[in-house]
Amino acid sequence: MRRIKLPIRCATMRIQVWTGLNHDFARHFAWTTVFAAILAVMFLTACTADVPDLLGSVDTVKVAIFKSGRVENEAEMSTDAEPVASVRRWLSANRTGWVRDGRTYAPGILISTERFSINLLQSKIIVVSQHEEYVRDLSAEEYAALSVPFLR
């Protein structure tokens, strides 16, 4: 009868040869490496998220346009107003594929309420809601379509 070698056994043997370690330690090291790889894949998969429809839950939002870190223009808008409605439509069409992110970003075009904020930057859109921060890349065309109505 022929024995089938499992990949972990092969990895154990390679680790023994490369490091000169005893068999038990090499086997433990091989299983630990496999376990770490599985955890890494699970973590990366868990980092993407879906963003809820935040603009559907409010009637008005505060919009602030920042230049060089200072407020250039500020207004209160209805969520039915075209600039905010275009962002709402884009968010509804792009709910999946967001990445959780804990970094702080300088404001660009900031749409906010007491419960959430949406920050439009030239290459990213950032949604902050209930202590969670989600980021998604924007193409130049998407940014232009979303930002131009605010800048008129």
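The values are calculated or read from the model by the stated rules, or taken from the named source; none is laboratory data. The structure displayed is predicted, hence computed values, not measured ones. Don't worry about glycine lacking a Cβ; one is built from the backbone with ideal geometry, like all the others, and counts go over all protein chains shown.
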Open item on the list: Show me the strands (runs of 3 or more DSSP E) found entirely inside the range 87-152 where at least 1 residues are under 22 Å from D59 (Cβ atoms).
Closed with: 109-112, 116-120, 124-129
Open item on the list: So for the range 67-85 (the condition being of a type in the set (A, V, I, L, M, F, W, C), at pLDDT 90 or above and touching a helix residue (DSSP H, G or I) at 6+ places or on another chain (Cβ under 6 Å)), does at least one residue qualify?
Closed with: yes
Open item on the list: Can you find a residue that is modelled with pLDDT of 75 or more and either assigned to a loop (DSSP other than H, G, I, E, B) or under 16 Å from Y143 (Cβ atoms) (or both) anywhere in the range 30-49?
Closed with: no
- [ ] List the number of the failed condition for E74; all other conditions in (1) assigned to a strand (DSSP E or B); (2) buried (at least 17 other Cβ atoms within 10 Å of the Cβ) hold.
- [x] (2)
Open item on the list: Criterion first (over 16 Å from D53 (Cα atoms), at pLDDT below 95 and under 17 Å from the mean Cα position of the chain (by Cα)) does R103 satisfy it?
Closed with: yes
TODO: Please specify each residue of the range 77-116 satisfying the condition of being within 24 Å of E141 (Cβ to Cβ), without any contact (Cβ under 8 Å) to a residue 60 or more places away in the chain and of a type in the set (S, T, N, Q).
DONE: T79, S92, N94, T96
